[in-house]
1. Within region 155-208, work out how many residues are free of Cβ contacts under 8 Å to residues at least 24 places away in the same chain, over 20 Å from K116 (Cα atoms), in contact with a Phe, Trp or Tyr (Cβ under 7 Å, 6 or more places away or on another chain) and not in a strand (DSSP E or B).
2. Check whether at least one residue in region 335-346 is on the phi < 0 side of the Ramachandran plot, at pLDDT 60 or above and under 20 Å from the mean Cα position of the chain (by Cα), and report yes or no.
3. Could you please find all residues in region 106-134 being among the aliphatic types (A, V, I, L, M) and within 19 Å of V283 (Cα to Cα)?
4. Which one of these does I144 not meet: (1) part of a helix (DSSP H, G or I); (2) touching a residue at least 24 places away in the same chain (Cβ under 8 Å); (3) open to solvent by less than 60 Å² (accessible area, probe 1.4 Å)?
5. Look at region 115-131 and say how many of its residues are over 14 Å from A267 (Cα atoms) and crowded, with 19+ Cβ neighbours inside 10 Å.
6. Out of everything in region 90-111 that is over 21 Å from V128 (Cβ atoms) and polar (S, T, N, Q), what residue ends up being least open to solvent (accessible area, probe 1.4 Å)?
7. Condition first: open to solvent by less than 60 Å² (accessible area, probe 1.4 Å), part of a loop (DSSP other than H, G, I, E, B) and within 28 Å of D100 (Cα to Cα). Now tell me which residues in region 213-264 satisfy that.
8. Against the condition within 21 Å of P33 (Cα to Cα) and in contact with a Pro (Cβ under 9 Å, 6 or more places away or on another chain), how does R190 come out, does it pass?
Amino acid sequence: MTVIAAPDTVATAGTPGGAVPHAADLLAYLPSPPQGVWEIGPFPLRAYAICIILGIIVAIWWGEKRWQARGGEAGTVLDVAVFAVPFGLVGGRLYHVATDWQKYFGADGNPVDALKIYQGGLGIWGAVFFGAIGAWVACRIYKIPLPALGDAVAPAILLAQAIGRLGNYFNQELYGRETDLPWGLEIYLRFDDSGRLDMMNGVSSGEVHSIVHPTFLYELIWNVLVVVALVLIDRRFRIGHGRLFALYVAGYCFGRFFVELMRDDEATQIAGIRINSFTSGLVFLAAVAYVLFATKGRETPEQLSPDAAPRPWPWQLGALRAAGAAGAAGSVATATDATGETVEDAAGDAAGDAGKGEAGDPGKDAAGGAGKDEVGDAGTAGAASASEPAAGKEALGEAGETDSGAADPDATEAKSGSGSAEAESAATATGSSDDSVPEKDGEAAESAAPRGK
(Lines give C-alpha, C1' and ligand atoms only; values in the text may rest on other atoms or scores of the structure.)
Protein backbone atom coordinates (compact mmCIF):
# COMPACT_ATOMS: atom_id res chain seq x y z
CA MET A 1 0.00 0.00 0.00
CA THR A 2 1.24 3.47 -0.83
CA VAL A 3 0.04 6.34 1.29
CA ILE A 4 -0.73 9.46 -0.67
CA ALA A 5 -0.06 12.58 1.39
CA ALA A 6 -1.54 15.91 0.46
CA PRO A 7 -0.06 19.11 1.84
CA ASP A 8 -3.27 21.10 1.74
CA THR A 9 -5.58 21.47 4.71
CA VAL A 10 -9.24 22.25 5.02
CA ALA A 11 -10.42 24.87 7.50
CA THR A 12 -13.18 23.65 9.76
CA ALA A 13 -15.29 25.96 11.83
CA GLY A 14 -15.34 25.27 15.55
CA THR A 15 -12.16 23.20 15.47
CA PRO A 16 -9.26 24.25 17.67
CA GLY A 17 -6.48 25.55 15.49
CA GLY A 18 -8.96 26.18 12.66
CA ALA A 19 -7.72 23.35 10.41
CA VAL A 20 -7.59 19.56 10.15
CA PRO A 21 -5.69 17.35 7.74
CA HIS A 22 -7.37 16.69 4.38
CA ALA A 23 -9.22 13.35 4.16
CA ALA A 24 -6.77 12.12 1.53
CA ASP A 25 -3.95 12.40 4.06
CA LEU A 26 -5.38 9.45 5.97
CA LEU A 27 -6.26 7.13 3.07
CA ALA A 28 -4.28 4.18 1.74
CA TYR A 29 -5.13 3.20 -1.83
CA LEU A 30 -4.91 -0.07 -3.71
CA PRO A 31 -1.63 -0.37 -5.61
CA SER A 32 -1.34 -1.60 -9.18
CA PRO A 33 1.24 -4.28 -10.04
CA PRO A 34 4.59 -2.77 -11.00
CA GLN A 35 4.50 -4.74 -14.26
CA GLY A 36 2.36 -7.17 -16.16
CA VAL A 37 4.98 -8.78 -18.42
CA TRP A 38 8.06 -10.79 -17.49
CA GLU A 39 10.69 -11.64 -20.04
CA ILE A 40 11.76 -15.31 -19.91
CA GLY A 41 14.47 -15.62 -22.50
CA PRO A 42 12.99 -14.66 -25.86
CA PHE A 43 9.44 -15.28 -24.66
CA PRO A 44 7.34 -12.74 -22.76
CA LEU A 45 5.22 -14.17 -19.96
CA ARG A 46 2.09 -12.06 -19.72
CA ALA A 47 -0.17 -12.03 -16.69
CA TYR A 48 -3.15 -11.22 -18.90
CA ALA A 49 -2.69 -14.39 -20.94
CA ILE A 50 -2.19 -16.47 -17.80
CA CYS A 51 -5.49 -15.22 -16.36
CA ILE A 52 -7.35 -15.95 -19.59
CA ILE A 53 -5.92 -19.48 -19.81
CA LEU A 54 -6.64 -20.15 -16.14
CA GLY A 55 -10.23 -18.99 -16.63
CA ILE A 56 -10.67 -21.32 -19.62
CA ILE A 57 -9.34 -24.29 -17.65
CA VAL A 58 -11.66 -23.59 -14.71
CA ALA A 59 -14.64 -23.18 -17.04
CA ILE A 60 -13.99 -26.51 -18.79
CA TRP A 61 -13.37 -28.39 -15.52
CA TRP A 62 -16.42 -27.06 -13.68
CA GLY A 63 -18.62 -27.12 -16.76
CA GLU A 64 -17.74 -30.79 -17.30
CA LYS A 65 -18.75 -31.65 -13.74
CA ARG A 66 -22.05 -29.81 -14.09
CA TRP A 67 -22.76 -31.45 -17.45
CA GLN A 68 -22.18 -34.94 -16.06
CA ALA A 69 -24.36 -34.13 -13.02
CA ARG A 70 -27.22 -33.40 -15.44
CA GLY A 71 -26.79 -36.77 -17.14
CA GLY A 72 -24.47 -35.81 -20.00
CA GLU A 73 -21.59 -37.92 -21.26
CA ALA A 74 -18.09 -37.37 -19.90
CA GLY A 75 -15.72 -35.40 -22.13
CA THR A 76 -18.46 -33.51 -23.96
CA VAL A 77 -17.57 -30.05 -22.63
CA LEU A 78 -13.93 -30.45 -23.61
CA ASP A 79 -14.96 -31.56 -27.10
CA VAL A 80 -17.18 -28.51 -27.50
CA ALA A 81 -14.52 -26.19 -26.04
CA VAL A 82 -12.15 -27.16 -28.85
CA PHE A 83 -14.55 -25.28 -31.15
CA ALA A 84 -15.93 -22.63 -28.80
CA VAL A 85 -12.68 -21.24 -27.35
CA PRO A 86 -11.01 -20.30 -30.67
CA PHE A 87 -14.27 -18.87 -31.96
CA GLY A 88 -14.64 -16.87 -28.74
CA LEU A 89 -11.13 -15.44 -28.85
CA VAL A 90 -11.55 -14.34 -32.46
CA GLY A 91 -14.99 -12.88 -31.78
CA GLY A 92 -13.81 -11.04 -28.69
CA ARG A 93 -10.93 -9.46 -30.57
CA LEU A 94 -13.14 -8.51 -33.52
CA TYR A 95 -15.61 -6.76 -31.24
CA HIS A 96 -12.83 -4.87 -29.47
CA VAL A 97 -11.21 -3.74 -32.71
CA ALA A 98 -14.57 -2.79 -34.24
CA THR A 99 -15.60 -0.66 -31.25
CA ASP A 100 -12.13 0.88 -30.72
CA TRP A 101 -11.07 1.04 -34.34
CA GLN A 102 -9.41 4.44 -33.99
CA LYS A 103 -6.68 2.87 -31.83
CA TYR A 104 -5.61 0.69 -34.74
CA PHE A 105 -6.77 2.46 -37.88
CA GLY A 106 -6.78 6.08 -36.74
CA ALA A 107 -4.16 8.74 -37.43
CA ASP A 108 -1.73 7.42 -34.80
CA GLY A 109 -2.77 3.78 -34.99
CA ASN A 110 -0.96 0.75 -36.30
CA PRO A 111 -3.22 -1.81 -38.03
CA VAL A 112 -0.79 -4.62 -37.19
CA ASP A 113 -1.51 -4.07 -33.49
CA ALA A 114 -5.04 -5.31 -34.09
CA LEU A 115 -3.55 -8.82 -34.29
CA LYS A 116 -1.67 -8.53 -30.98
CA ILE A 117 -4.32 -10.12 -28.81
CA TYR A 118 -1.79 -10.73 -26.05
CA GLN A 119 -1.70 -7.01 -25.36
CA GLY A 120 -5.26 -7.12 -24.13
CA GLY A 121 -8.52 -6.04 -25.66
CA LEU A 122 -11.23 -8.69 -25.79
CA GLY A 123 -14.86 -7.63 -26.03
CA ILE A 124 -16.96 -10.03 -23.97
CA TRP A 125 -19.96 -9.51 -26.24
CA GLY A 126 -18.09 -10.74 -29.27
CA ALA A 127 -16.47 -13.55 -27.28
CA VAL A 128 -19.81 -14.92 -26.08
CA PHE A 129 -21.54 -14.52 -29.45
CA PHE A 130 -18.80 -16.13 -31.54
CA GLY A 131 -18.13 -18.69 -28.82
CA ALA A 132 -21.79 -19.69 -28.99
CA ILE A 133 -21.46 -20.14 -32.75
CA GLY A 134 -18.48 -22.43 -32.23
CA ALA A 135 -20.38 -24.36 -29.57
CA TRP A 136 -23.36 -24.70 -31.92
CA VAL A 137 -21.14 -26.17 -34.62
CA ALA A 138 -19.72 -28.67 -32.13
CA CYS A 139 -23.16 -29.60 -30.81
CA ARG A 140 -24.40 -30.30 -34.32
CA ILE A 141 -21.39 -32.54 -34.87
CA TYR A 142 -21.71 -34.43 -31.58
CA LYS A 143 -25.55 -34.41 -31.67
CA ILE A 144 -26.18 -32.84 -28.27
CA PRO A 145 -28.63 -30.02 -27.39
CA LEU A 146 -26.89 -26.65 -27.28
CA PRO A 147 -29.34 -25.03 -24.79
CA ALA A 148 -28.77 -27.80 -22.25
CA LEU A 149 -25.02 -27.48 -22.62
CA GLY A 150 -25.27 -23.71 -22.20
CA ASP A 151 -27.15 -24.17 -18.93
CA ALA A 152 -24.46 -26.50 -17.63
CA VAL A 153 -21.53 -24.21 -18.42
CA ALA A 154 -23.16 -20.82 -17.73
CA PRO A 155 -21.88 -20.36 -14.14
CA ALA A 156 -18.47 -21.70 -15.18
CA ILE A 157 -18.18 -19.21 -18.04
CA LEU A 158 -19.00 -16.28 -15.78
CA LEU A 159 -16.45 -17.45 -13.21
CA ALA A 160 -13.90 -17.60 -16.03
CA GLN A 161 -14.76 -13.99 -16.88
CA ALA A 162 -14.15 -13.00 -13.27
CA ILE A 163 -10.72 -14.65 -13.36
CA GLY A 164 -9.95 -12.94 -16.65
CA ARG A 165 -10.63 -9.52 -15.07
CA LEU A 166 -7.50 -10.01 -13.01
CA GLY A 167 -5.60 -9.68 -16.29
CA ASN A 168 -6.99 -6.16 -16.64
CA TYR A 169 -5.51 -5.39 -13.22
CA PHE A 170 -2.03 -6.35 -14.38
CA ASN A 171 -2.47 -4.44 -17.63
CA GLN A 172 -3.69 -1.29 -15.80
CA GLU A 173 -6.78 -1.11 -18.01
CA LEU A 174 -10.57 -0.95 -17.74
CA TYR A 175 -10.47 1.40 -14.79
CA GLY A 176 -12.90 4.23 -14.06
CA ARG A 177 -12.84 7.90 -13.26
CA GLU A 178 -10.64 9.43 -10.61
CA THR A 179 -11.76 9.07 -7.02
CA ASP A 180 -10.64 9.64 -3.44
CA LEU A 181 -12.44 6.59 -2.03
CA PRO A 182 -10.37 4.32 0.23
CA TRP A 183 -10.40 1.54 -2.35
CA GLY A 184 -9.22 3.77 -5.18
CA LEU A 185 -6.63 2.18 -7.46
CA GLU A 186 -3.22 3.69 -8.07
CA ILE A 187 -2.21 3.82 -11.73
CA TYR A 188 1.57 3.96 -12.15
CA LEU A 189 3.64 5.35 -14.95
CA ARG A 190 5.47 2.50 -16.70
CA PHE A 191 8.49 2.76 -18.98
CA ASP A 192 10.26 0.30 -21.24
CA ASP A 193 14.01 -0.41 -21.30
CA SER A 194 14.66 2.55 -23.56
CA GLY A 195 12.89 4.95 -21.21
CA ARG A 196 9.81 5.42 -23.35
CA LEU A 197 6.39 5.51 -21.72
CA ASP A 198 4.71 2.09 -22.02
CA MET A 199 1.82 1.82 -19.61
CA MET A 200 1.02 -1.79 -20.48
CA ASN A 201 4.31 -3.56 -21.20
CA GLY A 202 6.75 -1.38 -19.24
CA VAL A 203 7.89 -1.41 -15.62
CA SER A 204 6.60 1.01 -13.01
CA SER A 205 8.81 3.88 -11.90
CA GLY A 206 6.84 4.21 -8.68
CA GLU A 207 5.30 7.49 -9.79
CA VAL A 208 1.53 7.60 -9.35
CA HIS A 209 -0.29 8.83 -12.40
CA SER A 210 -3.83 8.90 -10.93
CA ILE A 211 -6.19 7.37 -8.37
CA VAL A 212 -9.19 5.78 -10.10
CA HIS A 213 -12.20 3.54 -9.58
CA PRO A 214 -11.13 -0.13 -9.99
CA THR A 215 -14.06 -0.89 -12.25
CA PHE A 216 -12.57 -4.23 -13.27
CA LEU A 217 -12.73 -5.18 -9.58
CA TYR A 218 -16.35 -4.08 -9.36
CA GLU A 219 -17.16 -6.28 -12.31
CA LEU A 220 -15.19 -9.19 -10.87
CA ILE A 221 -17.13 -9.04 -7.59
CA TRP A 222 -20.44 -8.71 -9.41
CA ASN A 223 -19.61 -11.73 -11.59
CA VAL A 224 -18.89 -13.88 -8.54
CA LEU A 225 -22.19 -12.84 -6.95
CA VAL A 226 -24.09 -13.74 -10.11
CA VAL A 227 -22.29 -17.10 -10.24
CA VAL A 228 -23.51 -17.90 -6.73
CA ALA A 229 -27.04 -16.78 -7.64
CA LEU A 230 -27.08 -18.95 -10.76
CA VAL A 231 -26.02 -22.05 -8.84
CA LEU A 232 -28.68 -21.50 -6.17
CA ILE A 233 -31.43 -20.77 -8.71
CA ASP A 234 -30.51 -23.81 -10.76
CA ARG A 235 -30.53 -26.03 -7.67
CA ARG A 236 -33.86 -24.68 -6.46
CA PHE A 237 -35.87 -24.48 -9.69
CA ARG A 238 -34.11 -27.01 -11.98
CA ILE A 239 -33.96 -24.64 -14.93
CA GLY A 240 -33.25 -25.95 -18.41
CA HIS A 241 -33.68 -25.39 -22.16
CA GLY A 242 -31.17 -22.50 -22.20
CA ARG A 243 -32.95 -20.38 -19.61
CA LEU A 244 -30.11 -20.54 -17.08
CA PHE A 245 -27.68 -19.38 -19.75
CA ALA A 246 -30.05 -16.50 -20.51
CA LEU A 247 -30.11 -15.63 -16.80
CA TYR A 248 -26.31 -15.52 -16.84
CA VAL A 249 -26.36 -13.14 -19.80
CA ALA A 250 -29.02 -10.94 -18.20
CA GLY A 251 -27.22 -10.83 -14.85
CA TYR A 252 -23.89 -9.95 -16.40
CA CYS A 253 -25.40 -7.23 -18.60
CA PHE A 254 -27.19 -5.65 -15.66
CA GLY A 255 -23.96 -5.21 -13.73
CA ARG A 256 -21.89 -4.25 -16.76
CA PHE A 257 -24.32 -1.44 -17.61
CA PHE A 258 -23.59 0.36 -14.34
CA VAL A 259 -19.86 -0.38 -14.42
CA GLU A 260 -19.64 1.25 -17.83
CA LEU A 261 -21.12 4.44 -16.38
CA MET A 262 -18.08 4.76 -14.12
CA ARG A 263 -15.50 4.55 -16.90
CA ASP A 264 -14.10 7.52 -18.76
CA ASP A 265 -11.39 5.94 -20.90
CA GLU A 266 -11.54 6.37 -24.64
CA ALA A 267 -14.40 4.45 -26.24
CA THR A 268 -16.80 4.69 -29.16
CA GLN A 269 -19.96 6.55 -28.19
CA ILE A 270 -23.49 6.85 -29.58
CA ALA A 271 -25.35 10.02 -28.65
CA GLY A 272 -22.81 10.62 -25.92
CA ILE A 273 -23.29 7.16 -24.39
CA ARG A 274 -20.62 4.47 -24.50
CA ILE A 275 -21.39 1.75 -27.01
CA ASN A 276 -20.97 -0.94 -24.36
CA SER A 277 -23.82 0.63 -22.40
CA PHE A 278 -26.09 0.31 -25.42
CA THR A 279 -24.99 -3.28 -25.94
CA SER A 280 -25.59 -4.13 -22.29
CA GLY A 281 -29.11 -2.75 -22.34
CA LEU A 282 -30.19 -4.42 -25.57
CA VAL A 283 -28.71 -7.81 -24.74
CA PHE A 284 -30.25 -7.63 -21.26
CA LEU A 285 -33.73 -7.15 -22.72
CA ALA A 286 -33.26 -10.01 -25.18
CA ALA A 287 -32.04 -12.35 -22.41
CA VAL A 288 -34.98 -11.51 -20.14
CA ALA A 289 -37.41 -12.15 -23.01
CA TYR A 290 -35.85 -15.57 -23.57
CA VAL A 291 -36.17 -16.46 -19.89
CA LEU A 292 -39.86 -15.54 -19.95
CA PHE A 293 -40.89 -17.22 -23.20
CA ALA A 294 -38.54 -20.19 -23.57
CA THR A 295 -39.54 -23.77 -22.83
CA LYS A 296 -39.98 -24.46 -19.13
CA GLY A 297 -38.58 -27.42 -17.22
CA ARG A 298 -35.28 -29.20 -17.75
CA GLU A 299 -34.07 -31.83 -20.19
CA THR A 300 -33.97 -35.44 -19.04
CA PRO A 301 -30.67 -37.37 -19.17
CA GLU A 302 -32.06 -39.29 -22.15
CA GLN A 303 -32.50 -36.03 -24.08
CA LEU A 304 -28.81 -35.19 -23.55
CA SER A 305 -27.68 -38.36 -25.29
CA PRO A 306 -26.38 -38.20 -28.87
CA ASP A 307 -28.95 -40.90 -29.68
CA ALA A 308 -31.86 -38.70 -28.62
CA ALA A 309 -34.21 -37.13 -31.14
CA PRO A 310 -32.79 -33.95 -32.70
CA ARG A 311 -33.84 -30.74 -30.99
CA PRO A 312 -36.25 -28.57 -32.99
CA TRP A 313 -35.11 -25.27 -34.41
CA PRO A 314 -35.90 -22.11 -32.38
CA TRP A 315 -38.70 -21.08 -34.74
CA GLN A 316 -40.49 -24.46 -34.37
CA LEU A 317 -42.42 -23.31 -31.33
CA GLY A 318 -44.87 -26.20 -31.23
CA ALA A 319 -42.13 -28.81 -31.44
CA LEU A 320 -40.13 -26.98 -28.78
CA ARG A 321 -43.10 -26.99 -26.41
CA ALA A 322 -43.63 -30.69 -27.02
CA ALA A 323 -39.98 -31.40 -26.27
CA GLY A 324 -40.22 -29.34 -23.10
CA ALA A 325 -43.33 -31.21 -21.99
CA ALA A 326 -41.59 -34.52 -22.58
CA GLY A 327 -38.64 -33.35 -20.53
CA ALA A 328 -40.88 -32.19 -17.71
CA ALA A 329 -42.74 -35.51 -17.69
CA GLY A 330 -39.46 -37.37 -17.63
CA SER A 331 -38.18 -35.27 -14.74
CA VAL A 332 -41.30 -36.05 -12.70
CA ALA A 333 -41.10 -39.75 -13.54
CA THR A 334 -37.50 -39.99 -12.38
CA ALA A 335 -37.91 -37.95 -9.21
CA THR A 336 -37.09 -39.94 -6.07
CA ASP A 337 -39.58 -40.56 -3.31
CA ALA A 338 -38.96 -40.59 0.45
CA THR A 339 -37.99 -44.28 0.51
CA GLY A 340 -35.24 -43.78 -2.03
CA GLU A 341 -37.10 -45.72 -4.74
CA THR A 342 -37.85 -43.78 -7.88
CA VAL A 343 -41.44 -42.91 -8.58
CA GLU A 344 -41.01 -44.41 -12.00
CA ASP A 345 -39.99 -47.79 -10.56
CA ALA A 346 -42.75 -47.70 -7.95
CA ALA A 347 -45.34 -46.92 -10.60
CA GLY A 348 -44.00 -49.74 -12.75
CA ASP A 349 -44.20 -52.22 -9.85
CA ALA A 350 -47.75 -51.15 -9.02
CA ALA A 351 -48.79 -51.44 -12.65
CA GLY A 352 -47.19 -54.87 -12.84
CA ASP A 353 -48.98 -56.08 -9.72
CA ALA A 354 -52.28 -54.70 -10.96
CA GLY A 355 -51.74 -56.35 -14.32
CA LYS A 356 -50.99 -59.69 -12.69
CA GLY A 357 -53.88 -59.52 -10.25
CA GLU A 358 -56.54 -58.01 -12.48
CA ALA A 359 -55.66 -58.20 -16.17
CA GLY A 360 -52.57 -60.38 -16.30
CA ASP A 361 -54.73 -63.55 -16.65
CA PRO A 362 -58.32 -62.50 -17.28
CA GLY A 363 -59.50 -66.08 -17.59
CA LYS A 364 -58.28 -66.95 -14.11
CA ASP A 365 -58.56 -63.78 -12.12
CA ALA A 366 -60.85 -60.76 -12.45
CA ALA A 367 -63.01 -61.53 -15.44
CA GLY A 368 -62.53 -65.26 -15.56
CA GLY A 369 -62.95 -65.76 -11.83
CA ALA A 370 -66.05 -63.61 -11.73
CA GLY A 371 -67.43 -65.39 -14.75
CA LYS A 372 -66.74 -68.79 -13.27
CA ASP A 373 -68.21 -67.92 -9.93
CA GLU A 374 -71.31 -66.38 -11.45
CA VAL A 375 -71.78 -69.11 -14.02
CA GLY A 376 -71.21 -71.69 -11.36
CA ASP A 377 -73.75 -70.09 -9.08
CA ALA A 378 -76.22 -69.72 -11.90
CA GLY A 379 -75.65 -73.27 -12.99
CA THR A 380 -76.10 -74.57 -9.48
CA ALA A 381 -79.29 -72.58 -9.12
CA GLY A 382 -80.47 -73.79 -12.48
CA ALA A 383 -79.63 -77.37 -11.62
CA ALA A 384 -81.40 -77.06 -8.31
CA SER A 385 -84.45 -75.61 -10.02
CA ALA A 386 -84.37 -78.26 -12.70
CA SER A 387 -84.17 -80.99 -10.10
CA GLU A 388 -87.45 -79.84 -8.62
CA PRO A 389 -89.54 -81.00 -11.56
CA ALA A 390 -87.57 -84.20 -11.60
CA ALA A 391 -88.44 -84.69 -7.97
CA GLY A 392 -92.01 -83.89 -8.86
CA LYS A 393 -91.95 -86.50 -11.57
CA GLU A 394 -90.53 -89.06 -9.22
CA ALA A 395 -93.18 -88.23 -6.69
CA LEU A 396 -95.77 -88.46 -9.38
CA GLY A 397 -94.37 -91.78 -10.49
CA GLU A 398 -94.39 -93.13 -6.99
CA ALA A 399 -97.88 -91.93 -6.51
CA GLY A 400 -98.84 -93.56 -9.77
CA GLU A 401 -97.26 -96.84 -8.77
CA THR A 402 -98.85 -96.78 -5.37
CA ASP A 403 -102.30 -95.83 -6.51
CA SER A 404 -102.13 -97.13 -10.04
CA GLY A 405 -105.44 -98.68 -9.81
CA ALA A 406 -107.37 -95.85 -8.22
CA ALA A 407 -105.50 -92.78 -9.15
CA ASP A 408 -107.59 -89.67 -9.57
CA PRO A 409 -107.08 -88.33 -13.12
CA ASP A 410 -107.74 -84.77 -11.97
CA ALA A 411 -105.13 -84.98 -9.28
CA THR A 412 -102.61 -86.47 -11.67
CA GLU A 413 -103.33 -83.77 -14.18
CA ALA A 414 -102.90 -81.09 -11.49
CA LYS A 415 -99.62 -82.54 -10.35
CA SER A 416 -98.39 -82.76 -13.89
CA GLY A 417 -99.35 -79.13 -14.54
CA SER A 418 -97.63 -78.09 -11.36
CA GLY A 419 -94.47 -79.89 -12.40
CA SER A 420 -94.56 -78.25 -15.82
CA ALA A 421 -94.97 -74.81 -14.27
CA GLU A 422 -92.05 -75.44 -11.97
CA ALA A 423 -89.91 -76.62 -14.86
CA GLU A 424 -90.92 -73.54 -16.84
CA SER A 425 -89.97 -71.17 -14.03
CA ALA A 426 -86.70 -73.01 -13.50
CA ALA A 427 -85.85 -72.67 -17.18
CA THR A 428 -86.71 -68.99 -17.06
CA ALA A 429 -84.50 -68.49 -14.03
CA THR A 430 -81.67 -70.40 -15.65
CA GLY A 431 -81.99 -68.40 -18.83
CA SER A 432 -81.91 -65.09 -17.02
CA SER A 433 -78.88 -66.21 -15.07
CA ASP A 434 -77.17 -67.32 -18.23
CA ASP A 435 -77.97 -64.01 -19.93
CA SER A 436 -76.38 -62.10 -17.08
CA VAL A 437 -73.10 -63.94 -17.29
CA PRO A 438 -71.69 -62.30 -20.46
CA GLU A 439 -72.80 -58.89 -19.22
CA LYS A 440 -71.01 -59.31 -15.91
CA ASP A 441 -68.01 -60.84 -17.60
CA GLY A 442 -67.85 -57.81 -19.89
CA GLU A 443 -68.07 -55.44 -16.92
CA ALA A 444 -65.27 -57.27 -15.13
CA ALA A 445 -63.07 -57.28 -18.23
CA GLU A 446 -63.81 -53.61 -18.88
CA SER A 447 -62.94 -52.64 -15.29
CA ALA A 448 -59.79 -54.73 -15.39
CA ALA A 449 -58.54 -53.45 -18.75
CA PRO A 450 -57.59 -49.86 -17.75
CA ARG A 451 -55.75 -51.04 -14.67
CA GLY A 452 -53.79 -53.53 -16.68
CA LYS A 453 -52.43 -50.92 -19.15
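1. 0
2. No, region 335-346 contains no residue that is on the phi < 0 side of the Ramachandran plot, at pLDDT 60 or above and under 20 Å from the mean Cα position of the chain (by Cα).
3. Once the filter is applied, which keeps residues that are among the aliphatic types (A, V, I, L, M) and within 19 Å of V283 (Cα to Cα), region 106-134 yields L122, I124, A127, V128, A132, I133.
4. Failing condition for I144: (1).
5. Selection size over region 115-131: 8.
6. For region 90-111, the residue satisfying everything is Q102.
7. Of everything in region 213-264, those that are open to solvent by less than 60 Å² (accessible area, probe 1.4 Å), part of a loop (DSSP other than H, G, I, E, B) and within 28 Å of D100 (Cα to Cα) turn out to be H213, P214, R263.
8. Numbers: within 21 Å of P33 (Cα to Cα): yes; in contact with a Pro (Cβ under 9 Å, 6 or more places away or on another chain): yes.
Answer is yes for this residue.
The values are calculated or read from the model by the stated rules, or taken from the named source; none is laboratory data. These numbers were taken from a predicted model, which means no experiment stands behind them. In this analysis, Cβ positions are derived from the backbone assuming ideal geometry, glycine residues included, and neighbour counts consider all displayed protein chains. These area figures cover heavy atoms from the full protein model, side chains too; ligands, DNA and RNA do not enter into them. Shrake-Rupley method; radii C 1.70, N 1.55, O 1.52, S 1.80 Å.
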